[in-house]
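Peer 1: First the structure, then my questions, so here it is.
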Amino acid sequence: MPRYETLTPEQMTPEQRQVVDNVTAGPRGSATRGPFMAWLPSPKFADLAQALGAQTRFGSSLPAKHYEIAILMVAQQWRAQFEWYAHARLAHNAGISQDIIDAIHRGEKPKTMDPQEEAIWQFAKELLQTQRVSEPTFAKAKQLFGQNGVVDLVGVMGYYGLVSMTLNAFQVPLPEGEKLPFNE
């Protein structure tokens, strides 16, 4: 059972309705999924967070194929059910092989990755597991993606860490009939 109240438009304050309008008008198209309803009691926070999320996904210098690997790494680390549910499909649609998706889900290194996929995976693995990134891993990411790409990579991971914590803390459910990706 979710730990937040789903509000109808009539129950929302003008500030809350503005947040929903901002999300709906943006690239996501809907504010009823994911962390948005859990954030809505704090409309200023919700609006800033949704804008940051739109930037990290839709304004990134990294292609979807790369930032989706990073998102899956964060979802796996946090065992964020809704995040994995939503982004495993998006990763597949972005061109990530099912073998890579399945290995990340199991917490394993995928057997076959191109150099860019491997650089994203290694960077995310180190940052999530050790809270640091080694010099060789950082240098490789910077060489492949530029300084802007490294900033965008850290940004997408940080944002989806926030999303994962929100989804887990507020017990955001999967759509009716969907199977949980991680055993509870």
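Peer 1: Label 7 Å along Cα→Cβ of residue 162; the stretch 47-73 residues with amide nitrogen under 20 Å?
Peer 2: 47-62, 67-73
Peer 1: Place the peptides 96-106, 1-11 in order of packing, highest mean first, counting for every residue the other Cβ atoms within 10 Å and averaging per peptide.
Peer 2: 96-106, 1-11
Peer 1: Of 145, 34, 156, whose Cα points farthest to the positive end of the dipole of the chain (charges on the beta-carbon: +1 Lys, Arg; -1 Asp, Glu; origin at the Cα centre)?
Peer 2: It is 145.
Peer 1: Tell me, what is the FRET efficiency for residue 61 and residue 90 to the nearest 0.05, using R0 = 25 angstrom and their Cβ-Cβ distance as r?
Peer 2: Working from the Cβ atoms, E equals 0.90.
Peer 1: About the Cα centre, and with charges only on the beta carbon of Lys, Arg (+1) and Asp, Glu (-1), how big is the dipole of the stretch 78-184? Nearest 20 debye, please.
Peer 2: Here the size comes out at about 200 debye.
Peer 1: When you have a sec, figure out the Kirkwood radius of the stretch 59-146 from all distinct Cα pair distances and drop it here in Å to one decimal? Kindly include the intermediate steps, with their values, before the conclusion.
Peer 2: Values: mean 1/r = 0.0771 Å⁻¹.
Here the Kirkwood hydrodynamic radius works out to 13.0 Å.
Peer 1: If you don't mind, another one. Using unit Cβ charges (K, R positive; D, E negative) and no other charged atoms, how large, in debye to the nearest 20, is the dipole of the chain about its Cα centre?
Peer 2: 240 debye
Peer 1: Further, regarding this structure: Return the ratio Rg/(2.2 N^0.38 Å) for the stretch 1-101, where Rg is computed over Cα atoms only.
Peer 2: Relative to the rule-of-thumb radius for its length, the stretch 1-101 sits at 1.16.
Peer 1: Summarise the accessible area of the stretch 41-174 (1.4 Å probe, protein heavy atoms) by the percent that is carbon and sulfur. It would help to have the intermediate numbers written out before the result.
Peer 2: Numbers: 3600 of 6420 Å².
On the stretch 41-174, the fraction of accessible area on carbon and sulfur atoms equals 56 percent.
Peer 1: Using every alpha carbon pair in the chain, what percent of pairs falls into each 10 Å bin from 0 up to the bin containing the largest distance?
Peer 2: 9, 36, 34, 16, 4, 0
Peer 1: For the stretch 131-184, take every pair of Cα atoms, bin their distances at 5 Å starting from 0, and report each bin as a whole percent.
Peer 2: 4, 15, 16, 18, 12, 11, 12, 9, 2
Peer 1: Now a separate question. Might you report the magnitude of the Cβ-based charge dipole of the stretch 1-102 about its Cα centre, with Lys and Arg at +1 and Asp and Glu at -1, to the nearest 20 debye?
Peer 2: Numbers: 9 positive and 9 negative charges, 16 e Å.
Charge dipole, the stretch 1-102, about its Cα centre: 80 debye, nearest 20.
Peer 1: Rounded to whole Hz and in sequence order, give me ³J(HN,Hα) for the stretch 60-76 from the Karplus expression 6.51 cos²θ - 1.76 cosθ + 1.60, θ = phi - 60°, writing x for Gly and Pro.
Peer 2: 6, 6, 8, x, 3, 3, 7, 5, 5, 4, 4, 4, 5, 4, 5, 4, 5
Peer 1: Could you state the accessible area per residue of the chain in Å², with a 1.4 Å probe and every protein chain left in place?
Peer 2: 53 Å²
Peer 1: Sticking with this structure for a sec: Pick from 86, 169, 25: which is most flexible by mean-square fluctuation in a GNM of the chain where alpha carbon atoms under 10 Å apart are linked?
Peer 2: The residue with the greatest mean-square fluctuation here is 25.
Peer 1: OK, next. Say R0 is 25 Å: what FRET efficiency, to the nearest 0.05, do residue 25 and residue 126 get from their beta-carbon distance?
Peer 2: Calculated transfer efficiency: 0.10.
Peer 1: Let me ask something else. Using Cα positions and a limit of under 29 Å, work out the lysines in reach of residue 179, with same-chain residues fewer than 8 apart set aside.
Peer 2: Excluding near neighbours in sequence, the set is 65, 109, 111, 125.
Peer 1: Just from its helices, what would the mean residue ellipticity at 222 nm be for the chain, if runs of 4 or more DSSP H residues each count -39500 (n - 2.57) and the sum is divided by every residue, rounded to the nearest 500 deg cm²/dmol?
Peer 2: -21500 deg cm²/dmol
Peer 1: Separate question: Between the stretch 135-184 and the stretch 48-127, how many Å separate their Cα centres?
Peer 2: Value for the Cα centre distance between the two parts: 7 Å.
The values are calculated or read from the model by the stated rules, or taken from the named source; none is laboratory data. In this text, all values refer to a predicted model and were calculated from it rather than measured experimentally. In this analysis, Cβ positions are derived from the backbone assuming ideal geometry, glycine residues included, and neighbour counts consider all displayed protein chains. Remember, those area values only see protein heavy atoms, side chains included, never the ligands or the DNA or RNA. Shrake-Rupley method; radii C 1.70, N 1.55, O 1.52, S 1.80 Å.
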